[in-house]
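The values are calculated or read from the model by the stated rules, or taken from the named source; none is laboratory data. Just so you know, these numbers come straight off a predicted model, no measurement behind them. We place every Cβ from the backbone using ideal geometry, glycine too, and count neighbours over all the protein chains shown. Only protein heavy atoms, including side chains, enter the accessible area calculation; ligands, DNA and RNA are left aside. Shrake-Rupley method; radii C 1.70, N 1.55, O 1.52, S 1.80 Å.
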Amino acid sequence: GNYKRTVKRIDDGHRLCNDLMNCIHERARIEKVYAQQLTEWAKRWKQLVEKGPQYGTVERAWCAFMSEAEKVSELHLEVKGSLMNEDFEKIKNWQKEAFHKQMMGGFKETKEAEDGFRKAQKPWAKKLKEVEAAKKAYHAACKEEKLAVSRETNSKGDPALNPEQLKKLQDKVEKSKQDVLKTKEKYEKSLKELDNATPQYMENMEQVFEQCQQFEEKRLRFFREVLLEVQKHLDLSNVASYKNIYRELEQNIKTADAVEDLRWFRANQGPGMSMNWPQFEEWSADLNRTLSRREKKKASDGVTLTGINQTGDQVSQPNKHSSSLSVQSNTVQSVQSSYNPFEDEEDTGSTVSEKEDSKIKNVSSYEKNQSYPTDWSDEESNNPFSSTDANGDTNPFDEDTPPAMEVRVRALYDYEGQEQDELSFKAGDELTKMENEDEQGWCKGRLDNGQVGLYPANYVEPIQ
């Protein structure tokens, strides 16, 4: 009956095919997620670097990392496709061809092996059963003989027994001896027949076993073949395009030239840039009409500045530095509203949009295309820092602006400061509001312990 272990191995083979498919499917899912994360990272940081203050060849070298991520992402998506479309499907099709399900459950191959072993074992099992029966009969006869001899021996010392009873005991002993001889002969004969049938039994059983071995050999060889193919799909080190990605990345980084970048900055943003010195201009009633302060405030939200011209020896920077820059009224706010890229989203538990809505965060000190005021004239003062800009917004450097009236307020909810410049307080705490609410909904206040910082305006109410 130990052939059942061999039969069970067929069912195990089908289950192992499922396990291998699940294993490959999980790895393919990991490859897909990794590729998506690389793409998202590259897209996000490419925008940050392009908008940030870095320029020139070092900027291109930095952006080369994002290009590398995009190309590697494509390769990992190809790995995912190979695992699912080739390896996974190959195992699935082989399993379907190798194992055939029956209507009543189980597999055809399992039933064939079971029937083959049972048929090969049946004749020998029948003789084994006869041997067991003969053995049992022989042992029972021996036991009976021993009992009869013991009774006869005891009766010889018993004067109460008559000769007739003694004769019966002796006959019993004689008969039991004959039974022992008879059963022994039959036992030996059945054993001999079993021994003669054993070689044929072993041959038949081994024949069925070899069939099972061949079936299992096919599965083991197929698994080895599939695993080697999976290894080839996962091993990107042998992919020529993968090596080229990092060869190209290294070349792009090595092309970064500090001297060239400094020369470009000098020519575009420094003393080497084209100067627009004041020159004599004829008066024109239409073009040179002086705007009053009130008219300036009513000007449109955007104004175009044309005071920056490129020189002939500049390094080409398409779509990033042009001779005319458009300034919007919310330029400073757009710079400040970018969130901090070095802050991990998982640590704070908030999304990027939530960060942007909750508080102004700077990506860098300024953006590459940030505009700077070029109007140095002022009707009231020659100090450029006390003037009103072209959009009518007050200059943050103007210290003459009177401070807002301080007001005592009470906290409605608990608030835990997320940054160093934010206050933390509990519901019911009282504090002093020092500045009114800004456009993003934040106020500046002072706790009773003297700490000054920002807090959400809708978290407090004035004390009546």
Simple Cβ-charge dipole of the stretch 108-214, Lys/Arg +1 and Asp/Glu -1, about Cα centre, in debye nearest 20: 500
Placing +1 on each Lys and Arg Cβ and -1 on each Asp and Glu Cβ in the stretch 69-139, then taking the dipole about the Cα centre, the residue among Asn85, Phe117, His139 whose Cα reaches farthest towards the positive end is His139
Determine the shape class of the stretch 408-462: with a ≥ b ≥ c the square roots of the Cα gyration tensor eigenvalues, call it rounded for a/c under 1.5, and otherwise prolate if a/b is greater than b/c, oblate otherwise. rounded
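Work out the FRET efficiency for Ser155 and Asp11 from their Cβ-Cβ distance, taking R0 = 51 Å, and round it to the nearest 0.05. Walk me through the numbers on the way to the answer.
Details: r = 65 Å, r/R0 = 1.27.
That pair, Ser155 with Asp11, gives E of 0.20.
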Given a Förster radius of 51 Å and the C-beta distance between Lys111 and Glu416 as r, what FRET efficiency does 1/(1 + (r/R0)^6) yield to the nearest 0.05? 0.15
Hey, got the dipole for the stretch 1-156? About the Cα centre, +1 on K and R Cβ, -1 on D and E Cβ, debye to the nearest 20? 1260
Would you list Thr153, Thr432 from the most to the least accessible area, probe 1.4 Å? Thr153, Thr432
Determine the dipole magnitude for the stretch 408-462: charges of +1 sit on the beta-carbon of Lys and Arg, -1 on that of Asp and Glu, nothing else is charged, the reference point is the Cα centre, and the result goes in debye to the nearest 20. 260
Using only Cα atoms, locate the centre of the stretch 155-230 and the centre of the stretch 2-67, then give the distance between them in Å, rounded to an integer. 62
Pull up the cross-link candidates among the lysines for Lys119, meaning alpha carbon to alpha carbon under 21 Å and not fewer than 8 places away within one chain. Lys4, Lys8, Lys108, Lys111, Lys127, Lys129
Which value in nm describes the separation of the simple spin-label points at Glu406 and Glu225, placed 7 Å from the Cα toward the beta carbon? 8.6
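Please compute the length gained on full extension between Leu147 and Lys184, using 0.36 nm multiplied by the number of residues separating them and subtracting their Cα-Cα distance. Write out the running numbers ahead of the final one.
Working: separation 37, 0.36 × 37 = 13.32 nm, distance 1.75 nm.
Roughly 11.6 nm would be gained on extension.
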Can you give me the distance in nm between label points at Glu250 and Ile463, each placed 7 Å from the Cα along the Cα-to-Cβ direction? 6.8
